[in-house]
1. Under unit Cβ charges (Lys, Arg +1; Asp, Glu -1), what dipole magnitude, rounded to 20 debye, does the stretch 64-173 have relative to its Cα centre?
2. Would you mind ranking Arg165, Arg247 so that the residue whose beta carbon has the fewest other beta carbons within 10 Å leads the list?
3. Can you bin the stretch 64-161 into rounded, prolate or oblate? Criterion: square roots of the alpha carbon gyration tensor eigenvalues sorted a ≥ b ≥ c, rounded for a/c under 1.5, prolate for a/b above b/c, oblate for the rest.
4. Can you give the FRET efficiency to the nearest 0.05 for Thr2 and Thr147, using r as the Cβ-Cβ distance and R₀ = 25 Å?
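Every number here is computed from the coordinates shown, using simple stated rules; none is lab data. Just so we're clear, the structure is a prediction, and the values are computed from it rather than from any experiment. As a convention, Cβ positions derive from the backbone with ideal geometry for all residues, glycine included, and neighbour counts pool all protein chains shown.
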Amino acid sequence: MTISHADALVNGNEEETYTLTVTSGSVRDVALNEVDVVTVAFTVKDKSIPVLEVASSTPSSAQVLAFNSNLQLVFNEPVKIASGVTTGAVVTLTPGTSGSTVTITGDSSELTIQGSTITIDPSVELDNSGQAFTLAVASGTIVDDSTSENAMSAAEIVFSVSDQRAPTLTGQDPTVGATGVALTGTTITLTFSEDLASPATGEVLLVPSTTSSIFTVAASTLSVSGSIVSFPVTLDSAQEEQEYAVRMGSDALKDSDGNAFAGFAGSSYVWLGGELVKVSVGMVVAVVEVVLFVCLVED
């Protein structure tokens, strides 16, 4: 006799023991003899493996994760690390073009499990240059929380990390202490931590301290080549012997991901030469403008 009911144990608890009872007289043999009460005990076993679901918190090939954010793997049922592999590699994060592979073991604090969600918090920052990463889960390392420990097969997910870091200034020319700098025909060169978008989108102003003549460097005059920005500065004799504050709006320079150059810490920037004797640079970050440096012109 076969008992078949599609919904009989759909909601049954795994690992729970059930009792099947056939009541007396409900079944007869071919000679019409009634069968006595039949009782059969059995246990429901979980035979299904955990399935990685597509969720908003699970990285996918169509997803660009925020820089320095945690990664989450969401499954269709509660999971755990398989017995015996706590010290072995469970997850690896491999960059597509440059950098080192990050290996996370089952007993690492970089990996936590709560119910059906595994959260991965790498101890190192993933490169945010836009390259792809492959998150690989080793076969047999993630199992469901049943006594059967049904293990998922190896899985790989490819994703990228968005660039959310603003470019910073790493150098300038004329350099500190440079000599022989001409008052006219000087080109100021700024070097940044990463490539910038071209063209520039804001102008540069040289604001004098005593006269009303502001020297304007139009955005179209700013030369952007990779991580280097340069622009010419020409001060005539009527503009000597006064300070100049070089101001740049916060939207003037951005990287390819739209992160704007916001300024840098104050420093001394002095170079000598010709009629232009001293230039000091003091950074002041304001709401609408960034003071790059202050020029002092003397005979």
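1. Numbers: 2 positive and 12 negative charges, 12 e Å.
Once rounded to the nearest 20, the dipole reads 60 debye.
2. The most exposed by this proxy come first: Arg165, Arg247.
3. Details: a/c = 2.06, a/b = 1.89, b/c = 1.09.
In terms of gyration-tensor shape, prolate.
4. Numbers: r = 27 Å, r/R0 = 1.10.
My answer for the efficiency is 0.35.
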